[in-house]
Structures are given as structure tokens and as C-alpha cells.
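In what follows, a single structure is set out as C-alpha cells and then discussed.
The values are calculated or read from the model by the stated rules, or taken from the named source; none is laboratory data. Since the structure is predicted, the reported quantities are computational estimates derived from the model, not experimental observations. Cβ placement follows ideal geometry from the backbone for every residue including glycine, while neighbour counts extend to all protein chains displayed.
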Amino acid sequence: MKVMPACTTFFEKNLCHLFPLSLLLKKYYAPIVKREVLLGKINEEDQVLCIGGGALPWTAVEIATQTGATVHVIDSDPYAVKLASKFIRLLKLEGKVNVRFGDGQYVDASGFTVAHIALQAYPQEKILCHLLQSISRNGRVLVRCPKKRMACLYGDCIAPSCLNGKSTKQSCSTMKETLLFTKYT
Ligand SMILES: C[S@@+](CC[C@H](N)C(=O)[O-])C[C@H]1O[C@@H](n2cnc3c(N)ncnc32)[C@H](O)[C@@H]1O
């Protein structure tokens, strides 16, 4: 695992034991997700799949609460899944946000209309190709990209030049933008 995904994972796994403090992360994720919801036109009828939720799946929580959509999160780390499931119970969002073990490279996305790939999910390119094959027709895939100077601290990330659709700029310290890919066939 590269430096930044390892740091974020470590940070979240420790912070989640301090529930009131972990609520502060909402301030960080809410504006990022707001721009992604607008970009992906996510609404309550969407079935959303998040790849890489970590111990504190704030992206999934924000998508569910901002749009009313049902969100399914997968994570390839069983301990993160256990901690995230407890976090979702504490937020009383069971049924609206579901967390399970899985790898974004192999997940069956056929029942989903939107997928979201975390900045720390890897390998991003392989996950994106797999999702664009398996997601439903007209499905949208959102991918977070790091700032150029930070890219070496993440695994294989999608190059923004691969984009076939729209993107939205992000204004936080590590993330440059979120890209939108749409499956047309
Ligand atoms: C630390 S989290 C950050 C996500 C953040 N909490 C959010 O809500 O956007 C990143 C997670 O991605 C998971 N991950 C990395 N690659 C993955 C893959 N191929 N499939 C599923 N999960 C993956 C890691 O196990 C880690 O828990």
C-alpha cells in the first residue's frame, strides 16, 4: 500500500474509536460530496456503490444523506468493514448505507446506477475499467484524483487526460478533482 492510503487508513481506524471526534470529518467530506452529487446528478432513485469506504465511510454517508439514495460500500479490508458497520449503526443509517467486504476490481456492479471510487482505492484504473464493463447502462462512475504533486504518494491513479466526460474541481489539500465517466452502451 502506498503512503497516503496507508496513512488515511491508519488515521480512520484510530479516530473511529472516538465517535464524537469522528463526526468532525463531516465538515471535510460534505462539500466534496456536494460537488460530486451535482456532477453525477445523483438522486434518491439511484443505487450507489462506493469502492473503499474505510473505517469511517463519510463519502457514502454524505451521498445517502444529501440525496436519499441507498448506498452500498465495499472495502477489501475486513477490519475496516467491521469498524464501518459499527459507525453506520451509531449514525442510525442501517438500511440506507450498507457495508460489506469486497474488492472493487471484481465486484458485480450490474445492479448499480452510480459507482464512486475513493482516492485511496487501488488500482484505480483497473477498478474503473471493471466498473465500466459491469455497471448498468447509462451508469455513472465518479473517480477522485490527487493533486499532481501528491500523485506519487498514491497507487496507480487515473490520469485526468483519460476523461471522456465532465469533471469537478476539488479544493482540499490532497484532491485535485473528481472525474465523471458514463457508460453509454
Ligand atoms: C481509508 S479509506 C478512505 C475513504 C474515505 N473514508 C471516504 O469515505 O471516502 C480507503 C479504503 O479503500 C480500501 N480499498 C483500497 N483498495 C480497494 C479495493 N480495490 N477494493 C475495495 N476497497 C479498497 C482500503 O482498504 C481503505 O479502507
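Brief remarks on what is shown
- The condition (being surrounded by 17 or more Cβ atoms within 10 Å (Cβ to Cβ), modelled with pLDDT of 95 or more and touching a Gly at 6+ places or on another chain (Cβ under 7 Å)) is satisfied by just one residue among Val141, Val99, Val107: Val99.
- When segment 119-143 is filtered for residues that are near the ligand (Cβ under 10 Å from one of its atoms) and either in a strand (DSSP E or B) or touching a helix residue (DSSP H, G or I) at 6+ places or on another chain (Cβ under 9 Å) (or both), the ones remaining, listed by number, are Leu119, Gln120, Ala121, Tyr122.
- Helices (runs of 4 or more DSSP H) within segment 1-65 that include 2 or more residues under 29 Å from Ser136 (Cβ atoms) and near the ligand (Cβ under 10 Å from one of its atoms): 26-40
- Only one of Leu39, Leu83, Leu49 that is over 25 Å from His130 (Cα atoms), aliphatic (A, V, I, L, M) and surrounded by 18 or more Cβ atoms within 10 Å (Cβ to Cβ): Leu83
- Pairs, first within 12 Å of Leu119 (Cβ to Cβ) in segment 45-64, second modelled with pLDDT under 95 and hydroxyl-bearing (Ser, Thr, Tyr), C-beta under 8 Å, six or more apart: Gly54/Thr8; Gly54/Thr9
- Look at segment 1-12: where a residue is under 10 Å from Gln120 (Cα atoms) and a partner is more than 8 Å from the ligand (Cβ to nearest atom) and among the aromatic types (Phe, Trp, Tyr), sitting 6+ places away or on another chain with Cβ atoms under 6 Å, you get Lys2/Tyr154; Met4/Tyr154.
- Tallying residues that are touching a residue at least 24 places away in the same chain (Cβ under 8 Å) and touching a strand residue (DSSP E or B) at 6+ places or on another chain (Cβ under 6 Å) within segment 82-95 yields 2.
- Tally, over segment 90-104, of residues that are under 14 Å from the mean Cα position of the chain (by Cα) and either within 12 Å of the ligand (Cβ to nearest atom) or in a loop (DSSP other than H, G, I, E, B) (or both): 6
- Residue that is of a type in the set (Ser, Thr, Tyr) and over 21 Å from Asp75 (Cβ atoms), where the choices are Thr178, Thr185: Thr185
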